[in-house]
Amino acid sequence: MTRLVRVSLLVLAGIMLVAMPVLGYLYRAPVSVSENASTDYDMLAVLWTQNNDWLATNGFMSSTANDTRVQTLGGSDKPWLVCDNKTLTSVPVPADSQTNLYFVTGESAASSMDIIVGYDGYVTMPDTDEPGDNFTIQLSGYFDTDGSDSAIDKVGAFRISVDSGNVTSTIYDAEAWYTALAVAYRAGDAWVESAAYPSCIVNQVKVTFAHPVVGAYNNYLHEIQVWDSVNSIWVSPTSVVSNDGAWANPLNATDNNTTTLASKETSSTGNYAVTYDLPPQLISTKVKFYGTGSGYSTDTRMTIEVYYTNESASVTSSVTPGDHVVKVLADGTDFELYIDDMVTPVDTTVLGGASVPSNANDWVLMSNTVPYLDYFMYSVGGTLITWYQPNDIISGTTLPDRQGGDDDGAITWGANPAGVGVTLGSMSSSGQPGVGATGDTSTGDILPMVGGTDWRPDAGVSVALQANPLRPIVTAISDNTTLSEYQVWVWLGSIFVVFITVLVGANVRGHHLITGIAASVAIILMVVWDVFPMLSLLVVVLAILGGLISERSPSL
């Protein structure tokens with residue numbers, strides 16, 4: 001048993017020697033994210049005020065901020081973006097919790113930061129080169145498919161949606177007005193409902209009173225509602241787009257209250273219209289209104305039109321919430337969707353003449369279902385048009401276009417949701433002694449910047465480990481200890497190897513070569529799973545050699 005313990009300890013020591021990283025920083029400040037409204041966020045973009053221009057000017061970070069990171073207490077990097085007056089990150093925030101992080105400087109220079117705009121924030125990309133039927137859009141980031149919203153939306157033309165466990169990309173037909181209801185007025189103090197029309201996405205609804213004969217008419221609109229086919233409810237408009245001036249208090253038609261008078265038109269002949277906006281991406285099959293009138297003529301008419309779009313081509317795939325690379329491609333013949341694997345599409349459909357309509361609407365990127373992006377790339381006809389991947393401090397609301405700079409994005413900054421607070425602590429140096437301790441005063445300008453070990457220069461984890469079902473347990477340990485996520489993986493892997501070594505050694509009774517082989521198989525398995533680095537294979541040789549020597553040398 002003594003020899004078995006020796007072998008086990010040697011295996012563990014070898015693993016820890018080659019696998020554990022050494023972490024360093026120049027300056028760091030604690031960041032605390034708290035949630036007190038009993039709301040759970042799988043992934044939440046949060047921000048805090050921070051004068052990063054001053055920090056860069058005074059040498060606390062590089063001028064580009066690419067040497068900064070937002071990290072867990074154990075040193076695992078989180079998505080982050082440094083702006084002139086704020087810093088943002090995106091992390092899971094459980095209900096009624098506190099998540100502790102660090103903002104650090106002095107790390108190795110990153111090639112880029114992430115695109116994070118905060119809760120309810122988004123990026124507007126100008127409408128320049130129209131995609132038509134030959135384009136590629138590729139984006140990498142977090143897709144919360146448990147939610148429901150857009151990753152990209154060019155209203156009335158194109159959309160990538162994140163909804164109900166799926167990522168879906170859709171090309172739409174050109175928008176048009178459709179007359180859903182035309183009746184002789186008056187309504188008679190009751191709801192009047194249209195006949196069903198083909199299911200479509202309805203963007204706006206327009207109400208028109210027509211007065212073809214001379215006379216004084218009092219026509220009142222109390223409510224206008226559109227049927228939401230997905231949720232099986234009637235919904236009210238959200239705002240007024242246009243009003244010809246004859247309508248008083250048109251917003252009263254959106255308050256879901258039939259006792260309030262939304263609009264009134266009196267006297268002369270003519271057509272009087274008010275147009276309302278509807279909730280985005282509303283799929284509908286019918287409308288209804290509630291109205292009254294007096295002094296009416298049978299020639300007086302009430303018309304309701306909807307501004308709609310239909311799907312022209314669509315591709316979709318089920319996607320688990322998490323980090324993914326999504327690519328949508330149209331080549332004039334086919335419309336394809338790629339998820340993570342950029343070679344083989346997960347869904348394909350024939351375009352059949354479908355093409356993204358040319359309209360004046362800008363592109364809107366990101367939503368709460370896409371809390372951060374690593375990058376966004378847009379190509380037309382094989383030519384890269386727009387590339388968003390920040391590699392410098394963001395100034396104001398401009399997201400620079402790294403492909404020529406012609407299509408800079410305009411950021412609409414979000415805010416932390418109700419019940420979520422972020423607190424930034426004081427920044428301290430890595431050479432600063434703790435409270436009650438003293439330290440040597442070194443000449444800082446001749447000291448090299450603290451770096452990481454060559455064994456594991458990054459504190460991240462591989463794609464394979466990101467998809468490992470044990471990761472939630474590992475990240476929970478990492479986020480609440482001083483261990484990085486990778487260090488937790490190494491510790492768990494080491495425990496597994498030692499367990500296998502002891503288990504086999506206790507059962508084969510003195511056959512230490514078999515024990516060494518079992519330990520080697522366990523180590524190789526950890527290497528295959530990306531828990532241990534390739535260098536750990538050296539320990540395999542030592543384990544087998546140690547078992548062989550131990551078995552042939554009874555005195556050991």
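Nothing in this text is a laboratory measurement; each read-out follows from the coordinates by a stated rule. Not measured: the values here are computed from a predicted model. Neighbour counts are summed over all protein chains in view; Cβ atoms, including those assigned to glycine, are modelled from backbone coordinates with ideal geometry.
What to note about this one:
- Computed 3J(HN,Hα) for segment 123-130, one whole-Hz value per residue from the Karplus formula 6.51 cos²θ - 1.76 cosθ + 1.60 where θ = phi - 60°, is 10, 9, 9, x, 7, 10, 6, 6, glycine and proline marked x.
- Panel order for F496, F289, by other beta carbons found within 10 Å of each beta carbon, from fewest to most: F496, F289.
- A cut-off of 5 Å between modelled amide H atoms, ignoring neighbours fewer than 5 places along the same chain, links C200 with S284.
- All other residues whose Cβ lies under 13 angstrom from that of Y276 are scored, Lys and Arg at +1 and Asp and Glu at -1, for a net of -3.
- Extension gain, N507 back to D120 (0.36 nm per residue minus Cα-Cα distance, nm): 133.4 nm
- Calculated on alpha-carbon atoms, Rg and Dmax of segment 64-118 in Å: 11.5, 35
- All other residues whose Cβ lies under 15 angstrom from that of E35 are scored, Lys and Arg at +1 and Asp and Glu at -1, for a net of -4.
- Residue-count net charge about G74 - beta-carbon cut-off 11 Å; Lys, Arg +1, Asp, Glu -1: -3
- Note on D406 and V521: the extension gain reaches 35.9 nm, defined as 0.36 nm multiplied by sequence separation minus the Cα-Cα distance.
- For K154, the lysines whose Cα falls under 29 Å of its own Cα, not counting residues fewer than eight places away in the same chain, are K86, K206, K286, K288, K327.
- Extension reserve of the M427-S199 stretch, reckoned as 0.36 nm per residue once the Cα distance is removed: 76.4 nm
- Exposure proxy ranking for H222, H324, based on other Cβ atoms within 10 angstrom of each Cβ and starting from the fewest, stands as H324, H222.
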